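Asks: The structure's right below; bear with me while I get my questions together.
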Amino acid sequence: MMRTLSAPTDILAVLERLEQAGFASYIVGGAVRSQLQGNVPHDYDVCTAARPEQVRQICSEWKTVDTGLKHGTVTALTASGPVEITTFRLEGQYTDCRRPDRVEFVTDIKADLARRDFTINAMAWSPIRGLCDPFGGQRDLQAGILRCVGDPKQRMTEDALRILRALRFLSVYGFQMEPQTRQAVLHCRSLLQHISAERITDKLIRILCGPYVGQVLTEFSDVITEILPELRPMIGFDQNNPHHSYTLWEHSVRAVEAIPPRPELRMAMLFHDVGKSACYTEDSAGIGHFYGHAKHSVPLTASALQRLRLDNTLYDDILYLVRHHDTPLGLTPKTVRRKLAVHGERYSRALLAIHKADCIGQGTAPENLTAFLKSEDLLEAVLEEEGRFKRKDLAINGNDLIRWGMQGREIGEMLAALFNYVLDDPTRNTRETLYEKFCALQKEPNHMAFTVSGMSWKHCAQEVRQLLESLPSVEYANVDLPSGRVEVMGTQISPNEIRHVLADAGYKVAI
Ligand code: ATP
Ligand code: MG
């Protein structure tokens, strides 16, 4: 069935002026493809037989900007937004796998469509001339096939970015790749090294956020590891553990699919287990373990992300989520409250999404999901009840402590201890109760309790204990693995000292 095509009034006006002046003109590319799929295009590109200088003259009723005169593009600023108008063109030789060395203007739309990447993108339409589809784009669109215009190997070699554009169309539309196009994509993948990090990153994020990302990561893992070689050891890696039905790569792919399509979540899922292969051990029963793998995943993820030149927020978010991907929020209001104090609301929510997707990706114990759903309910309840309880919401403040005889650094430390005390039970947040606790804490200055995040395995709990006991001020440390609760005894224990020694080892502390 042919869907009706159209364009906004201002675009139609541009097409009409150009046609009145005697130049064949169309909307082209993404706008035609989208409409034939039944979607509303997010922008409209116009192409025309008129030369750029003619376009400027003909479209003089609008303000125009010379966007890329060399490539034949003039932008008309219409009331409904900018419209890019590009002269029909051929592209000359490509010597750098990125850009043509020169372009040549032509008057035949078919020649212009022939330089475009895929048949579904090589269609043009105008209300006067109808649909121009010389390469069977409509047929491929209906059949769900992504096919290069012309010789696939040549097209991928000319511009290697087309390799990632291809994967993006697959991930977004769930198409199949025509076999020769597929061969060319795989064959030419090493040419991706000629493409700038920014362009790779833009396409990678679109690939990861598509609904059919699982199919792409599975079928084109060789292309993905071409740009992210850190992921290569995961492919085919047998986890040899009853909690995992899949290889590392299959597990990661399923986890990526299972998480909402936000860049930081999808990226974190892709990388969360990247450190596993390097810390694989087998116990006496021959079962595989990956103690401390979250920590090992961080530097590998960081090196990949630095190469991709992500913006700082995205970079920080992904690393944080990878680092803490396997520390559950807990199953009691108390543990959830503490974890909330460590991670904050935004990361707590993101971590829950990560835990659920990770669990779905394991494919073994769906009942574990129930536990995460319970944590989620608890998190919502805690957030609602307490309206994001902060230190400034304590019933007492630093001035009270000064009045009660404290001074200097002790004040901050005491406030932190009292804050923890209230987190455990919000009804304690009264001046009287806090004063009582204050007196008790002063009598036992050598005892301190706090929460550590990032301890997912027995081995981490052991490490935390050893690190703490290596401090001269600490005599004894007790670590409760499931809750992350740590208690230390000693003399003149300094929270800052504790924070530093644990932070250096990659643990996060809420004191
Ligand atoms: P969207 O705008 O939704 O990302 P699009 O298909 O419009 O999708 P654009 O990058 O806007 O993608 O490109 C517009 C058109 O230009 C494409 O439809 C295609 O015809 C052509 N095109 C874009 N990039 C290339 C390329 N690297 N090689 C060949 N043709 C390309
Ligand atoms: Mg577009």
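Read-outs throughout are calculated quantities, based only on the coordinates presented, and are distinct from any laboratory measurement. Nothing here was measured: the structure is a model prediction, and the numbers come from that model. For neighbour counting, all protein chains shown are included, and Cβ atoms are generated from backbone atoms with ideal geometry for every residue, glycine included.
Asks: Regarding segment 192-337, what are the three Cα extents along the principal axes, ordered largest first, in Å?
Replies: Reported extents, whole Å, longest axis first: 47, 38, 27.
Asks: Does anyone have the angle between helix 161-173 and the longest principal axis of the chain? Alpha-carbon axes, 0 to 90°, nearest 10?
Replies: The answer is roughly 70 degrees.
Asks: Any idea what angle helix 293-308 forms with the longest principal axis of the chain, computed on alpha-carbon atoms, 0 to 90 degrees, nearest 10?
Replies: Helix 293-308 and the main axis of the chain meet at about 30 degrees.
Asks: 5 Å is the cut-off here: which amide hydrogens, built 1.01 Å from N in the peptide plane, fall below it relative to R89, excluding neighbours closer than 5 in sequence?
Replies: V106, D112
Asks: Which translational diffusion coefficient, to the nearest whole µm²/s, is obtained for the chain from the Stokes-Einstein equation, given a Kirkwood hydrodynamic radius over C-alpha pairs, 4 °C and 1.567 mPa s?
Replies: Here the translational diffusion coefficient equals 48 µm²/s.
Asks: Kindly provide log₁₀ I(q)/I(0) values, in the same order as q = 0.14, 0.23 Å⁻¹, from the Debye equation applied to equal alpha-carbon scatterers of segment 242-284.
Replies: -0.37, -0.81
Asks: OK, next. What are the ³J(HN,Hα) couplings of segment 231-244, residue after residue, when phi is run through the Karplus curve with 6.51, -1.76, 1.60 and θ = phi - 60°? Round to Hz, x for glycine and proline.
Replies: Ordered by residue, 3J(HN,Hα) equals 7, 4, x, 6, 6, x, 6, 7, 7, 6, 8, x, 7, 10 Hz.
Asks: Let me ask something additional. Taking θ as phi - 60°, what are the ³J(HN,Hα) couplings along segment 364-374 by the Karplus curve (6.51, -1.76, 1.60), each to the nearest whole Hz, with x for Gly and Pro?
Replies: With the stated coefficients, segment 364-374 comes to 10, 10, x, 5, 4, 4, 4, 5, 5, 5, 5 Hz.
Asks: I would also like to ask the following. Using each residue's phi in segment 270-280, evaluate 6.51 cos²θ - 1.76 cosθ + 1.60 at θ = phi - 60° and report the 3J(HN,Hα) Karplus result to the nearest Hz, with x for Gly and Pro.
Replies: 5, 9, 4, 9, 4, x, 5, 4, 6, 10, 6
Asks: For V149, enumerate residues with amide H under 5 Å from its amide H, sequence gap 5+ or separate chain, H modeled in the peptide plane.
Replies: F118, T119
Asks: Measure nothing fancy, just the Cα-based angle from helix 333-362's long axis to the longest principal axis of the chain, in degrees from 0 to 90, nearest 10.
Replies: With both axes taken from Cα atoms, the answer is about 50 degrees.
Asks: Would you list the P(r) distribution for segment 399-485, with all Cα-Cα distances sorted into 10 Å bins from 0 and each bin expressed as a whole %?
Replies: 14, 40, 32, 13, 1
Asks: Run lengths n ≥ 4 of DSSP H only: what is the helix-derived mean residue ellipticity at 222 nm for the chain, with -39500 (n - 2.57) per run over all residues, to the nearest 500?
Replies: -15000 deg cm²/dmol, from helical runs alone.
Asks: Same structure again: If you project the alpha carbons of segment 311-411 onto the principal axes, what extent comes out on each, in Å, largest first?
Replies: The principal-axis extents, from largest down, are 58, 34, 20 Å.
Asks: To continue, here is another question. Give the residue list of GluC sites (Glu not before Pro) in segment 1-81 that are DSSP loop and have at most 11 other beta-carbon atoms within 10 angstrom. Don't skip to the answer; put the middle values down first.
Replies: On the way: sites: E16, E19, E53, E61; in loops: E61.
In loop regions of segment 1-81 (DSSP not H, G, I, E or B), the sparsely surrounded GluC sites (Glu not before Pro) are E61.
Asks: Sticking with this structure for a sec: Counting only residues 5 or more places away or on other chains, whose amide H sits under 5 Å from the amide H of M123 once H atoms are built in the peptide plane?
Replies: G29
Asks: When a/c is below 1.5 the answer is rounded, else prolate if a/b is larger than b/c, else oblate, so apply that to segment 68-135 with a ≥ b ≥ c taken from the square roots of the Cα gyration tensor eigenvalues.
Replies: Details: a/c = 2.00, a/b = 1.19, b/c = 1.68.
Cα axes put segment 68-135 in the oblate bin.
Asks: Shifting gears a bit: Here are some pairs, K437/K458; K276/K334; K203/K339; K437/K508; K339/K458; K203/K276; which of them have Cα atoms lying more than 23 Å apart in this structure? Intermediate results must be reported in sequence, preceding the final value.
Replies: Numbers: K437/K458 32 Å; K276/K334 31 Å; K203/K339 35 Å; K437/K508 25 Å; K339/K458 19 Å; K203/K276 26 Å.
Correct reply: K437/K458; K276/K334; K203/K339; K437/K508; K203/K276.
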